[in-house]
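Working notes, structure below.
The values are calculated or read from the model by the stated rules, or taken from the named source; none is laboratory data. These numbers were taken from a predicted model, which means no experiment stands behind them. Glycine gets a Cβ as well: all are built from the backbone with ideal geometry, and neighbour counts include every protein chain shown.
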Amino acid sequence: MSEYRIKGETGDWEVVIGLEVHAQVVSKSKLFSGSATAFGAEPNSQVSLVDAAMPGMLPVLNKECIRQAVRTGMAINAPINKWSRFDRKNYFYADLPQGYQISQLYHPLVGEGEIEVSLDEKNPEAVKTIGIERIHVEQDAGKLMHDQHPTMSYVDLNRSGVALMEIVSKPDMRSPAEAGAYLRKLRTILRYVGSCDGNMEEGSMRADVNVSVRKPGAEFGTRTETKNVNSVRFVMAVVEQEARRQIDLIEDGGTVVQETRLYDPDRNETRSMRSKEDAHDYRYFPDPDLLPLELDEAFLAECRASLPELPDAKRARYEGPLGLSAYNANALTAEVETAMAFEELLASVAKASGKGEADVAKRVANWLLSERAGVLSANNVLASDPKNSLEANTALVVAAESGAISGSKAKEIFALYLTGDIDLAKEIEANQQTSDTGAIEAAIAKILADNADKVEQYKGGKEALFGFFVGQTMKAMQGKANPGVVNELLKKALG
Amino acid sequence: MSVDTATVAKIAALARLKVSEAEIAAMVPELNGILAWVEQLGEVDVTGVEPMTAVIENKLRLREDVIDADPLTGGGKRDDVLANAPAAEHGFFGVPKVIE
């Protein structure tokens, strides 16, 4: 992959990107209180006296949130700090009733890690390792709505106090594509681990995008931070817009100011948040309401044991022992649900057909990614449809794998089964293709006799006619002849 | 360590405290007196002493992830939570518009 450069009046520029991703932790209750975290509840219905920061209320840390953050840290190969501490980050805003956010500045829970991102789907060699500086745990703020009243903003504190993991990358990305690939890969890992649902529309993952520009090889430039960007596409747009703005500014003789900016998707531009001018003076100090968090070996061991097979390991296993193509291995592992569906069907088909998983993996992968996917979309059936069951899929793949029915018959039968009211087992039985050489030979003999002229042409060198004979034979056999056997017998008959 | 007028004014602004110039002028020597008094602690040699994080030897207790396990600190208290709000409409707190 060629290096990403932005053309300016004074030559080429390089962009340097770091992302701070806020990932909402999957937990039933909040980080420091027992109120629920479910999305979409009635305003302020999931707010306890702790979340509303009523005087005298004390925070009590949720074990599950810590467990999820620890598991996430382990998934990015980062050391877990057995001793960490919570600090108060002080600022005033209407969505923050405490007047401070409980966060971890000085002693975060998770240290340095890294993830490997793929920069080109078609080229498995095009990978880059992006460093992660730290992961710490903190409280989310409430939600403000500005468009409901002419003079007031409305505040909903349901989200106030929900646990977030702040995942801070190193400034290792150099193009919008790399930033996008990093965010997608991070999301995949979080969803495999199950520590964040990765639902960006609902705000479960939001990124603060740090961007600076420099001449290639020069020192880092001054960075700006664009807050709360909530999609991969917007993150990439912010990088592009902000880099362009900084380059134009510098080339016009100006200086980039370190500041907080907002992204406006409607106008595709970033602008300064003046209200946050003082915002970097947070006057952090250790939260006197909370003792340091100390984790023991047993807790860490349990976290480690609970980790599933992660996407990189899974992809390597699919390509290696299971013998899938790099493309299919990638497609099957990108979303955890796809990988789970594949493994479930794979195990089921292997068991039903009495074969090893490696022997049926290719057929199962092709069935899921292309054949089944095609039938579902052509018939407007959702993958979640109860008829798209493990049993039905297993029966069809096993029948195709054993050669009892052809791959195209399997698709036809599946379509009929999804949209109509047929008995799947009977339909497979009725469409069994025959390898009965006697019947196929008889059909071939008749076709060759009826088409003596074409036989002459074929023997005279017009080999393309072979396909015609195959077609005629399949037609005579009503599509139930095993194509491999037909080919073989035809070749023999045509000498 | 000591503070000057500008620092005191900035701290007051960050804490959203309205302090007059005369009050700030009076506060500068007061705060410097306090800082100097606390700074005496710096005279103690603490080489090799672990920083103390709490006065009581105790471990942070963790809570199980259960919704509203303790009704006193659980959710579902909208009316209580909104009771003291200067403006509460449609279940929201109403605050002066803070749009960017």
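Taken over segment A:198-209, the criterion of being crowded, with 21+ Cβ neighbours inside 10 Å and outside any loop (DSSP other than H, G, I, E, B) is satisfied by A:M205, A:A207, A:V209.
Among all positions in segment A:403-421, there is at least one residue which is surrounded by 13 or more Cβ atoms within 10 Å (Cβ to Cβ), among the hydroxyl-bearing types (S, T, Y), farther than 18 Å from A:N487 by Cβ and free of Cβ contacts under 8 Å to residues at least 60 places away in the same chain.
Kindly evaluate A:L465 against the criterion of being under 17 Å from A:K446 (Cα atoms) and in contact with a Phe, Trp or Tyr (Cβ under 8 Å, 6 or more places away or on another chain). It is true that A:L465 is under 17 Å from A:K446 (Cα atoms) and in contact with a Phe, Trp or Tyr (Cβ under 8 Å, 6 or more places away or on another chain). Helices (runs of 4 or more DSSP H) fully within segment B:1-94 that include at least 1 residues being charged (D, E, K, R) and over 24 Å from A:Y91 (Cβ atoms): B:21-39, B:78-82. Looking across segment A:165-184 at every residue that is among the aliphatic types (A, V, I, L, M) and either within 14 Å of chain B (Cβ to nearest Cβ) or under 30 Å from B:D68 (Cβ atoms) (or both), the one that is surrounded by the fewest Cβ atoms within 10 Å (Cβ to Cβ) is identified as A:M165. Out of A:T255, A:T188, one residue alone is hydroxyl-bearing (S, T, Y), surrounded by fewer than 22 Cβ atoms within 10 Å (Cβ to Cβ) and under 22 Å from A:G73 (Cβ atoms). It is A:T188. When segment B:1-22 is examined, which residues are found to be among the hydroxyl-bearing types (S, T, Y) and either more than 16 Å from A:R283 (Cβ to Cβ) or touching a His at 6+ places or on another chain (Cβ under 6 Å) (or both)? Answer for segment B:1-22, where residues must be among the hydroxyl-bearing types (S, T, Y) and either more than 16 Å from A:R283 (Cβ to Cβ) or touching a His at 6+ places or on another chain (Cβ under 6 Å) (or both): B:S2, B:T5, B:S20.
Would you mind stating whether B:V98 is under 25 Å from the mean Cα position of the chain (by Cα), in a loop (DSSP other than H, G, I, E, B) and among the β-branched types (V, I, T)? Yes: the conditions hold for B:V98.
Among the residues of segment A:58-94, just one is more than 7 Å from chain B (Cβ to nearest Cβ) and more than 21 Å from A:E166 (Cβ to Cβ), namely A:L58.
Going by the conditions given, is B:G48 more than 22 Å from the chain's Cα centre (by Cα), under 30 Å from A:K28 (Cα atoms) and of a type in the set (G, A, S)? No; evaluated as a whole, the condition is false for this residue. Within segment A:259-273, is even one residue out of contact with any Gly (no Cβ under 9 Å at 6 or more places or on another chain), under 29 Å from A:R233 (Cβ atoms), of a type in the set (A, V, I, L, M) and surrounded by 14 or more Cβ atoms within 10 Å (Cβ to Cβ)? Yes: segment A:259-273 contains one or more residues that are out of contact with any Gly (no Cβ under 9 Å at 6 or more places or on another chain), under 29 Å from A:R233 (Cβ atoms), of a type in the set (A, V, I, L, M) and surrounded by 14 or more Cβ atoms within 10 Å (Cβ to Cβ). Each residue in segment A:11-35 was checked for being surrounded by fewer than 21 Cβ atoms within 10 Å (Cβ to Cβ) and either assigned to a loop (DSSP other than H, G, I, E, B) or at the interface with chain B (Cβ under 10 Å from one of its Cβ atoms) (or both), and 2 pass. Being outside any loop (DSSP other than H, G, I, E, B) and surrounded by fewer than 12 Cβ atoms within 10 Å (Cβ to Cβ) is a description that does not apply to A:A237. Are any of the residues in segment A:326-346 surrounded by fewer than 16 Cβ atoms within 10 Å (Cβ to Cβ), of a type in the set (D, E, K, R) and without any contact (Cβ under 8 Å) to a residue 24 or more places away in the chain? Yes, segment A:326-346 has at least one match.
For A:M236, indicate whether it is closer than 30 Å to A:T338 by Cβ and modelled with pLDDT under 95. Taking the combined requirement at face value, the residue does not satisfy it.
Between B:R63, B:R78, the distinction of being surrounded by 12 or more Cβ atoms within 10 Å (Cβ to Cβ) and either touching a His at 6+ places or on another chain (Cβ under 9 Å) or touching a residue at least 12 places away in the same chain (Cβ under 8 Å) (or both) belongs to B:R78 only. Pull up segment A:281-300, narrow it to residues that are within 16 Å of A:C65 (Cα to Cα) and either in contact with a His (Cβ under 6 Å, 6 or more places away or on another chain) or not in a loop (DSSP other than H, G, I, E, B) (or both), then point me to the one that is farthest from the other protein chains (Cβ to nearest Cβ). Looking at the filtered set, the residue picked out is A:L300.
Evaluate the following for A:V360: is it modelled with pLDDT under 95, touching a Ser or Thr at 6+ places or on another chain (Cβ under 7 Å) and crowded, with 18+ Cβ neighbours inside 10 Å? Answer is yes for this residue.
In segment A:102-125, the qualifying residues are those that are of a type in the set (S, T, N, Q) and part of a loop (DSSP other than H, G, I, E, B), and the one that is surrounded by the fewest Cβ atoms within 10 Å (Cβ to Cβ) is A:N123.
Yes/no per residue for (1) within 14 Å of another protein chain (Cβ to nearest Cβ); (2) within 30 Å of A:M273 (Cβ to Cβ); (3) aliphatic (A, V, I, L, M):
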position: B:L17; (1), (2), (3): yes, yes, yes
position: B:M27; (1), (2), (3): no, no, yes
position: B:R61; (1), (2), (3): yes, no, no
position: B:E64; (1), (2), (3): yes, no, no
position: B:T73; (1), (2), (3): yes, no, no
position: B:V81; (1), (2), (3): yes, yes, yes
position: B:A87; (1), (2), (3): yes, yes, yes
position: B:G94; (1), (2), (3): yes, yes, no
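Residues in segment A:126-147 that are of a type outside the set (A, V, I, L, M), away from chain B (no Cβ under 12 Å) and assigned to a loop (DSSP other than H, G, I, E, B): 1 in all. Of all the criteria given as (1) in a loop (DSSP other than H, G, I, E, B); (2) modelled with pLDDT of 95 or more; (3) away from chain B (no Cβ under 11 Å), the one not satisfied by A:S45 is (3). Selection of segment B:26-76 for residues being in contact with a helix residue (DSSP H, G or I) (Cβ under 7 Å, 6 or more places away or on another chain) and closer than 27 Å to B:I11 by Cα yields B:M27, B:V28, B:L31. Are any of the residues in segment A:59-70 β-branched (V, I, T) and surrounded by 21 or more Cβ atoms within 10 Å (Cβ to Cβ)? Yes.
Listed by first and then second residue, the pairs linking a residue in segment A:148-164 that is at the interface with another protein chain (Cβ under 8 Å from one of its Cβ atoms) to a residue that is assigned to a loop (DSSP other than H, G, I, E, B) and of a type in the set (K, R), with Cβ atoms under 7 Å apart and 6 or more places separating them unless they lie on different chains, are A:T151/B:K97; A:M152/B:K97; A:S153/B:K97. Going residue by residue through segment A:52-67, is there one that turns out to be assigned to a helix (DSSP H, G or I), without any contact (Cβ under 8 Å) to a residue 60 or more places away in the chain and assigned by TED's automatic domain parsing to the domain that holds A:S195? Looking for residues that are assigned to a helix (DSSP H, G or I), without any contact (Cβ under 8 Å) to a residue 60 or more places away in the chain and assigned by TED's automatic domain parsing to the domain that holds A:S195, one finds at least one in segment A:52-67, hence yes.
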